[in-house]
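See structure below.
The values are calculated or read from the model by the stated rules, or taken from the named source; none is laboratory data. Given the structure is predicted, the values throughout are model-derived calculations rather than measurements. Heads up, the Cβs are rebuilt from the backbone with ideal geometry, glycines too, and the neighbour counts pull from every protein chain shown. All accessible areas refer to the heavy atoms of the entire protein, side chains included, with ligands and DNA or RNA removed. Shrake-Rupley method; radii C 1.70, N 1.55, O 1.52, S 1.80 Å.
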Amino acid sequence: MRHTGLFITFEGIDGAGKSSHIVTLAEAFRAQGHTVTLTREPGGTPLAETLRGILLNEAMDPLTETLLMFAARRDHLCQVIEPALAQGHVVLCDRFTDATFAYQGYGRGFDLTVLKTLEQWVQHTAAMDGAIRQPDLTLWFDVPAAVAAARLSQARVPDKFEAMPEAFFARVAQGYAQRCQEMPHRFVRLDGTQPMEAVWRQALQACVERGFLAEQMA
Ligand code: TMP
């Protein structure tokens, strides 16, 4: 059992197909004796879930949206993520700050320098001894915007973000590619166009290669 915890995030444009893999990966970690905290952003605490309802349904300017995303993140980090990591949990989080760079930064064109400053402020935590909290691993489910749009068109009633045009998601995907290029040590790109089983194998492999999961799961 790890003592320092493990922070794994899941990213990708809407329709990339990450959700079911998060649940399966949680089961894989539990099967190897880990305690798993499964959570999401925006959300994960009562306050952040309230902010999620507003963020996904109300129109607002990009700065307001960015500040609310980071406010939700700060609460989530302080109330859930840091305490879980301190107890040695594996924290599996559906989206984190890479989503803010991709959606608010690349998608909505918000200033990336301001985002970097907010990232420093919000992810500053005593546990990191001067550094900021970042995921140990980010699984990026990469699919072309057209593929994701086709998947979403068959889904439930879209929220504010899901209702955005394909061109928006092409920019968001570009944002993820940029973050992946900037932080290759923690990013793993998964080919989300592959069949579900093949995508799962890629996700599992990424965890095994880093020593997070034992070989017998693969
Ligand atoms: P979900 O549907 O994957 O739970 O994500 C909620 C939506 O919020 C999704 O469309 C992406 C968006 N989002 C942002 O725009 N910025 C962020 O920082 C986060 C965490 C999510």
Given the condition among the hydrophobic types (A, V, I, L, M, F, W, C), surrounded by 18 or more Cβ atoms within 10 Å (Cβ to Cβ) and near the ligand (Cβ under 10 Å from one of its atoms), answer yes or no: does some residue in region 133-141 qualify? no
State yes or no: is residue 146 in a helix (DSSP H, G or I), open to solvent by less than 30 Å² (accessible area, probe 1.4 Å), under 24 Å from residue 20 (Cβ atoms) and more than 11 Å from the ligand (Cβ to nearest atom)? no
Take the residues in region 83-104 that are more than 14 Å from residue 40 (Cα to Cα) and open to solvent by 10 Å² or more (accessible area, probe 1.4 Å), then tell me which one is nearest to the ligand (Cβ to nearest atom). 103
Taking region 167-216 only, how many residues are surrounded by fewer than 17 Cβ atoms within 10 Å (Cβ to Cβ), in contact with a helix residue (DSSP H, G or I) (Cβ under 8 Å, 6 or more places away or on another chain) and under 25 Å from residue 88 (Cβ atoms)? 3
Give the residue that is nearest to residue 99 (Cα to Cα), with candidates limited to residues of region 181-209 that are among the polar types (S, T, N, Q) and part of a helix (DSSP H, G or I). 181
With the requirement that a residue be assigned to a loop (DSSP other than H, G, I, E, B), more than 15 Å from residue 207 (Cα to Cα) and open to solvent by less than 10 Å² (accessible area, probe 1.4 Å), what does region 3-32 give you? 12, 13, 16
Out of the residues in region 40-50 that are of a type outside the set (Asp, Glu) and open to solvent by 20 Å² or more (accessible area, probe 1.4 Å), state the one that is nearest to the ligand (Cβ to nearest atom). 40
If residue 61 satisfies all but one of (1) under 30 Å from residue 201 (Cβ atoms); (2) acidic (Asp, Glu); (3) open to solvent by 60 Å² or more (accessible area, probe 1.4 Å), what's the number of the condition it fails? (1)
Can you name every residue in region 154-170 that is within 12 Å of the ligand (Cβ to nearest atom) and assigned to a helix (DSSP H, G or I)? 168, 169
In region 54-87, which residues are closer than 16 Å to residue 127 by Cα and β-branched (Val, Ile, Thr)? 80, 81
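Could you identify the single residue in 125, 117, 138, 97 that is free of Cβ contacts under 8 Å to residues at least 12 places away in the same chain and polar (S, T, N, Q)?
Values: 125 fails: free of Cβ contacts under 8 Å to residues at least 12 places away in the same chain; 138 fails: free of Cβ contacts under 8 Å to residues at least 12 places away in the same chain; 97 fails: free of Cβ contacts under 8 Å to residues at least 12 places away in the same chain.
When all the criteria are applied, what remains is 117.
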